[in-house]
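The values are calculated or read from the model by the stated rules, or taken from the named source; none is laboratory data. This one's a predicted model, so the numbers in the text were calculated from it and none came from an experiment. Cβ sites come from the backbone with ideal geometry, for glycine too, and all protein chains shown count toward neighbours. Accessible surface is based on the protein model in full, side chains and every heavy atom, while ligands, DNA and RNA are left aside. Shrake-Rupley method; radii C 1.70, N 1.55, O 1.52, S 1.80 Å.
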Amino acid sequence: MNTIKPTEPKIILPEDINPRWDWSRPIPSPGRMAVDFEERVNFQRLHRYRTARARQALANSNMGAILCFDNNNIRYLTSSVIGEWSRDKVCRYTLFTGNSDPYLWDFGSAAAHHRLHAPWLESDRCHAGMLGLRGSVNENAGLFKRAAKEIADLLRYEGVADLPLGVDVIEPPMFFALQAEGITVCDAQQVMLDAREIKSMDEIILLNTAASMVDGAYHLIAEHLKPGIRENDVVGLVNKYLYEQGSDDVEAINAVSGERCSPHPHNFSDRMYRPGDQAFFDIIQSFMGYRTCYYRTLNVGLKTPGQVDAYKQAREWIDNAIALVKPGMTTDKIAAVWPKAEEFGFVSEMEAFGLQFGHGLGMALHERPIISRLVSFDHPFELKEGMVFALETYCPALDGSGAARIEEEVVVTKDGCRVITLFPAQDLFVANQY
């Protein structure tokens, strides 16, 4: 510990916590290169905002520090990432106290890379770390015990060892090793969600840019959606397009058509499109860590009256929800404009969960708020300026010919909201119409 510089308590500066919203003009969707002739996203300012938000949320809790293994929380706190590969490895972690900047333990040589290329991180806080790769290395090897002791020493050094340590997600052997060091472990995910729920203008620009990439993906789908290609062909086409546009993670693409539309399977297959198919898609990807969740429904060549009616109903449900979005509105009132599960063919709200739905968007696919008849009536949540979330509706065709799925991403402004998903969706879109 002697190699670590003494820490001084950090003060949350007003300019760091300022979200810098400007609702007097359209939300920018700038180019993705760095240029000298206009300001786009200021990533240094973004890093300061995120750490200040986390410091504020931590100060409002009963915890002395938070230990994060969730990749989204690690990126939020450290502005570091080593890609989709690390998603399920539980191989990176960061410790953040109210008194200092984050400590980061990274996978092998990534620690040395960050010391060279991430100057916003204190070089003496960037360490290589290894716990076990989800049990691949047995806990008897002592890696969990060693890491827990190192964390306990740092908590004492930072003066917060007597306070609870918040953790977001954790392997059981690490949990037990921390307890063996005398550390009281509690849930930190709510603290991080507190921090992440209000987006700065830099974050909103990144979310808008991510949505603009999916606007283009849907135009590409509309050009290629015709009999003779398959759902997985479209998935491959869109993956290629998004990575070429700068996506850093295409998390999932749902491609659902024909008889697969009802009930919604939440996946894709090798089914071949046929004339008159109703087809819906969900494109989940991120740009600079900020995600999209963006459904659209397109018909193949032609449409039936039953498909049109289903689409009109799904559109009405989503428009009714959008009309309510503003600061001070509560999620129970939005959920109330959506149909009960039994009204569109399901036996319970649990089985229909995710079909008439709202969820926060940011560095994770599901942040605050969550809007659903399953949870919002008993636990309503107040909307706030600067939140960004998706609203999605679903309606099966009464004649069994398909189902309509629509999703819009909205930004909560001071007096309402703005929709940032712009591929046409007011009426049922027919691709390559006969």
Odd one out for Ala352, checked against (1) open to solvent by 30 Å² or more (accessible area, probe 1.4 Å); (2) free of Cβ contacts under 8 Å to residues at least 40 places away in the same chain; (3) over 27 Å from Pro30 (Cβ atoms); (4) in contact with a strand residue (DSSP E or B) (Cβ under 9 Å, 6 or more places away or on another chain): (1)
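From the list Leu298, Leu302, which residue is closer than 21 Å to Phe429 by Cβ, assigned to a loop (DSSP other than H, G, I, E, B) and more than 21 Å from the chain's Cα centre (by Cα)?
On the way: Leu298 fails: assigned to a loop (DSSP other than H, G, I, E, B).
The match here is Leu302.
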Selection status of Ala364, in contact (Cβ under 8 Å) with a residue 60 or more places away in the chain and closer than 30 Å to Asp22 by Cβ: yes
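Can you name every one of the helices (runs of 4 or more DSSP H) wholly within the stretch 1-100 that holds 1 or more residues which are more than 27 Å from Pro164 (Cβ to Cβ) and modelled with pLDDT of 95 or more? Break it down into steps so the answer makes sense when it comes.
Numbers: elements: 14-17, 43-59, 71-78.
Once the helices (runs of 4 or more DSSP H) in the stretch 1-100 are filtered for at least 1 residues that are more than 27 Å from Pro164 (Cβ to Cβ) and modelled with pLDDT of 95 or more, what remains is 43-59.
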Among residues of the stretch 126-142, those that are within 27 Å of the chain's Cα centre (by Cα) and either crowded, with 18+ Cβ neighbours inside 10 Å or β-branched (Val, Ile, Thr) (or both), counted: 4
Those residues of the stretch 143-180 which are assigned to a loop (DSSP other than H, G, I, E, B), closer than 24 Å to Phe107 by Cβ and either free of Cβ contacts under 8 Å to residues at least 24 places away in the same chain or open to solvent by 60 Å² or more (accessible area, probe 1.4 Å) (or both), in sequence order: Val169
Candidates Ile370, Ile334, Ile420, Ile322, filtered to the one that is touching a strand residue (DSSP E or B) at 6+ places or on another chain (Cβ under 9 Å), open to solvent by 40 Å² or more (accessible area, probe 1.4 Å) and in contact (Cβ under 8 Å) with a residue 12 or more places away in the chain: Ile370
Any chance Ala314 is part of a helix (DSSP H, G or I), open to solvent by less than 10 Å² (accessible area, probe 1.4 Å), within 30 Å of Arg53 (Cα to Cα) and touching a residue at least 24 places away in the same chain (Cβ under 8 Å): no
Subset of the stretch 404-432 [assigned to a strand (DSSP E or B) and closer than 19 Å to Gly276 by Cα]: Ala404, Arg405, Ile406, Phe429, Val430, Ala431
Hits in the stretch 247-275 (condition: touching a helix residue (DSSP H, G or I) at 6+ places or on another chain (Cβ under 7 Å), assigned to a loop (DSSP other than H, G, I, E, B) and not acidic (Asp, Glu)): Ser247, Ser269, Arg271, Arg274
Unmet requirement for Ser100, which otherwise passes all of (1) touching a strand residue (DSSP E or B) at 6+ places or on another chain (Cβ under 9 Å); (2) surrounded by 22 or more Cβ atoms within 10 Å (Cβ to Cβ); (3) polar (S, T, N, Q); (4) in contact (Cβ under 8 Å) with a residue 40 or more places away in the chain: (1)
Residue in the stretch 70-112 that is farthest from Met192 (Cα to Cα), counting only those that are in contact with a Lys or Arg (Cβ under 8 Å, 6 or more places away or on another chain) and β-branched (Val, Ile, Thr): Ile82
Selected residue (only one of Ser376, Ser348, Ser401 is under 29 Å from Gly306 (Cα atoms), polar (S, T, N, Q), assigned to a loop (DSSP other than H, G, I, E, B) and at pLDDT 95 or above): Ser348
First in the stretch 110-138 and closer than 12 Å to Ser80 by Cβ, second anywhere and open to solvent by less than 30 Å² (accessible area, probe 1.4 Å) and in a helix (DSSP H, G or I), Cβ under 8 Å, 6 or more apart: Ala118/Thr78; Trp120/His47; Leu121/Thr78; Leu121/His114; Cys126/Ala111; Cys126/His114
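Tally up the residues in the stretch 276-295 that are outside any loop (DSSP other than H, G, I, E, B) and open to solvent by less than 10 Å² (accessible area, probe 1.4 Å), please.
11
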Total residues in the stretch 188-208, condition among the β-branched types (Val, Ile, Thr) and under 14 Å from the mean Cα position of the chain (by Cα): 2
